[in-house]
Each structure stands twice: as structure tokens, then as C-alpha cells.
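The values are calculated or read from the model by the stated rules, or taken from the named source; none is laboratory data. Just so it is clear, the model here is predicted, and its values are computed rather than measured. Every residue, glycine among them, receives a Cβ derived from its backbone with ideal geometry; neighbour counts consider all protein chains shown.
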Amino acid sequence: MATRFTEIRKTLLPVLPPATAWLAAVTFAWLLALSPMADATGEAAAVRAVDELKTAWAEIFYRQPRDQQTPKLEALLPRVRELARRYPQAAEPLIMETLILCALAAADGGFGALGKLRDARELLEKSLKLDPLAMEGSGFVILGNLYYRLPGWPISFGDNELARRHLETALRFFPDALDTNYFYGDFLLEQGDFRNALIHLEKAEKAPVRDDARLSDLQLKQELKQALKDARERNLDRSSFFSRFLAIFRKSPS
């Protein structure tokens, strides 16, 4: 826990305004003083349980027919919510629940899915307050994806500036990771910034597949091939496997 707060402090304090940085430094010092009180055994147990759920989620989302996914995803919700109740200081169960909610939104479709996505945003915001580094910055990555894949007000809460901010924060924490570089590159590609998109997509190409996220990382590697082709050919007319992750809510050109 102490190492996490040290990493957060080193990453965020240099980019904050002086007054905000001073307050943040005091807050980090206070959190660091409290960190020995954390139940390390409980935290490890929460992470292991979430890893099991993540494997089950990936098997459903990537391998099951879409019209059969909803009941299987719904069966995961009581399990992850029990974990959140049992480990209220762990961010991982909250992030895992957002993955399930987003997958349900994609499987169910329609504007009824917007409520699930609003719930997902609230859970992600809470998770970032508990532990911004949980699941390798997945809170920032998923929230950034929601902000750039969803339409803005009055339909939903899409916001490209917030998307950029969250995805860039994830990159500051994990500059060489597959998902942080892929999703930031994908965001830049959507914005027509082909040169910078290619930089991050090529970094994603070099990133290793994680043992604890093998199925989802292998899918990202497949998506990456098309994204690299689109960036090199400066192609904006593109589709993505991950576009099914909110396909009906993709922004239309303004």
C-alpha cells in the first residue's frame, strides 16, 4: 500500500498547480501514515477473487454468443457485489462490476443500457478514490473509454476532454502497458491524430500479453492489427470489435 501511494505522489504532484499540489502532498502523507493499518491479507484475497471473476467475464464476453451472454453476466453480479461488501476499501471489485455492467449494456443494447453505464461511471469514480493504480490503472482506462465512446449531453455523458485526461493519466502510471497505449492510440485515431496514434499503437504492439489477462490481451492484439493499419493508411472509416462495447452509442460526426 505504501508503495502505491509513493507512485501516485511521484506521478501526480509534478503536474498539479502549486496550491493543489501542497494539499495533495499533505493528503498523501496522511494516507501513507494510515497504510500500515490496511488488511494486506484481505486485499490479496479480494484481488484473487476478482481475478477469478475476470476470467469468467472474459470467457463470456469474448467466447459466448451475444444472445446468450445476459443471464451469464447477470449471474456474476451478486458475486462481485458481495466482494465489494466484504472488502469495502478494495477498488478491484468496483472495477470488475463496471466491466460486467458495460458488457451487459453491450449485450442488451437500447437506451435502457444507459442506466448501467451511468452506474459504471459512479463505480469507477469511487474506485479511483480508493486506489487509482488498481488493476493497472483500469479505472482510468475504462472511464476514458466511456467518455469518448458515448455521446454527450443530453443523451449521455460523453466528453472528449475528460476522455483524454483519464487516458493520459493511465499512461503516466503505466507508460509501457498494452491497454493504456492501445486505448489512448485508439482515442487519438478517432480524433484523426494519426501520427501520435501510431506512436502509441506501436508501443502497444511491443507490450507483452499479461498472464492474468491473457484472453482480453490476445483480443486487444487482434484489434491492434487493424488499428495500426488504419493509422498508417490514415483511415477514419473504421470499425472495431470493441465498438460492440457500446456500438449503438457511438458518436456521430458533428
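Worth a mention:
- Qualifying residue in region 178-191 (condition: farther than 18 Å from Gly137 by Cβ, at pLDDT below 95 and part of a loop (DSSP other than H, G, I, E, B)): yes
- Identity of the residue in region 195-216, part of a helix (DSSP H, G or I) and among the charged types (D, E, K, R), that ends up surrounded by the most Cβ atoms within 10 Å (Cβ to Cβ): Lys203
- Of Ile95, Ile155, Ile100, all but one fail to be β-branched (Val, Ile, Thr) and in contact with a Phe, Trp or Tyr (Cβ under 7 Å, 6 or more places away or on another chain); the exception is Ile100.
- Selection of region 114-138 for residues being in contact (Cβ under 8 Å) with a residue 40 or more places away in the chain and either within 18 Å of Trp57 (Cα to Cα) or not aliphatic (A, V, I, L, M) (or both) yields Leu117, Asp131, Pro132, Ala134, Met135, Glu136, Gly137, Ser138.
Conditions (1) more than 27 Å from Gly115 (Cα to Cα); (2) touching a residue at least 40 places away in the same chain (Cβ under 8 Å); (3) among the aliphatic types (A, V, I, L, M), marked per residue:
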position	(1), (2), (3)
Arg149	no, yes, no
Ile155	no, yes, yes
Arg164	no, no, no
Arg172	yes, yes, no
Asp179	no, yes, no
Gly192	yes, yes, no
Asn196	yes, no, no
Ala204	yes, no, yes
Ser216	no, yes, no
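- The set of residues from region 190-222 being closer than 17 Å to Ala177 by Cβ and among the small types (Gly, Ala, Ser) comprises Ala197, Ala204, Ala207, Ala213, Ser216.
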